Amino acid sequence: MTLAGFPDAAPLAGLAGGVLIGLAAAIMLLGAGRIAGVSGIAARAAGLGGSGMERSSAWAFVIGLPLGALVIMAMLGGIEASFASPLVLAIAGLIVGVGTKLGSGCTSGHGVCGMSRFSSRSIVATATFMATGFATVAAMNALGLKVLQ
């Protein structure tokens, strides 16, 4: 399936990924009584506070994220990906970390788990994430910088 104007889009893969993220968040909430906020879980794994889950469980969750992606990549025969330089990635990671701390959570905690619970704080946070993303892409396009390849 293709979308007009987006020949490389994979809406069914996106739908499947969204269903799996929602299912994982529901299992974590119903099974462990915890919100699947990745920033809080990562902070807990690193020993910086964060989520109230056991540190070993936090490590299992954090390690499982890239392992799950590797399993899918192996099943599909690899993917084609390009990344910014390590310096740009490090700076971007620090900026996201600061935003996560200021926003009391990340897109998984607010956007997936918070919005599904109709949390007004999460709705505002997610609207802010999205508006900032839209503005960043518009600014980069206006400056002639390539956002998507």
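Read-outs: derived from the displayed coordinates by stated rules, not from any lab. What you see is a predicted model, and the numbers here were worked out from it, not measured in a lab. Cβ: placed from backbone, ideal geometry, glycine included. Neighbour counts: every protein chain shown.
Some observations on this one:
- Given the chain, longest segment not containing exposed loop trypsin sites (Lys or Arg not before Pro) (DSSP; at most 15 other Cβ within 10 Å): 1-116
- Working note: Cα gyration tensor of the stretch 1-81, eigenvalues times five, square-rooted, sorted largest first, giving semi-axes of 30, 15, 11 Å.
- Electrostatic tally near Ala25: other residues with Cβ closer than 12 Å to its Cβ, Lys and Arg +1, Asp and Glu -1, net +2.
- The stretch 93-147 versus the stretch 31-79: alpha-carbon centroid distance in Å: 20
- Here the chain is assigned +1 on the Cβ of each Lys and Arg and -1 on the Cβ of each Asp and Glu. Its dipole about the Cα centre then comes out at about 420 debye.
- For the stretch 113-129, the Karplus equation 6.51 cos²θ - 1.76 cosθ + 1.60, evaluated at θ = phi - 60°, returns couplings of 7, x, 5, 5, 9, 6, 6, 4, 4, 6, 5, 5, 4, 5, 4, 5, 4 Hz by residue, with Gly and Pro reported as x.
- Counting Lys and Arg as +1 and Asp and Glu as -1 over every other residue whose Cβ lies under 14 Å from the Cβ of Phe61, the net charge comes to +2.
- Comparing Leu12, Thr136, Val124 along the charge dipole axis of the chain, the residue lying farthest to the positive side is Val124, per the Cβ-charge model.
- Legend: Rg and Dmax of the stretch 82-149, from Cα coordinates, 13.9, 39 Å.
- Helix 11-32 axis versus longest C-alpha principal axis of the chain: approximately 10°, rounded to the nearest ten.
- Within the chain, longest stretch free of exposed chymotrypsin sites (Phe, Trp or Tyr not before Pro) [DSSP loop, at most 12 other beta carbons within 10 Å]: 1-82
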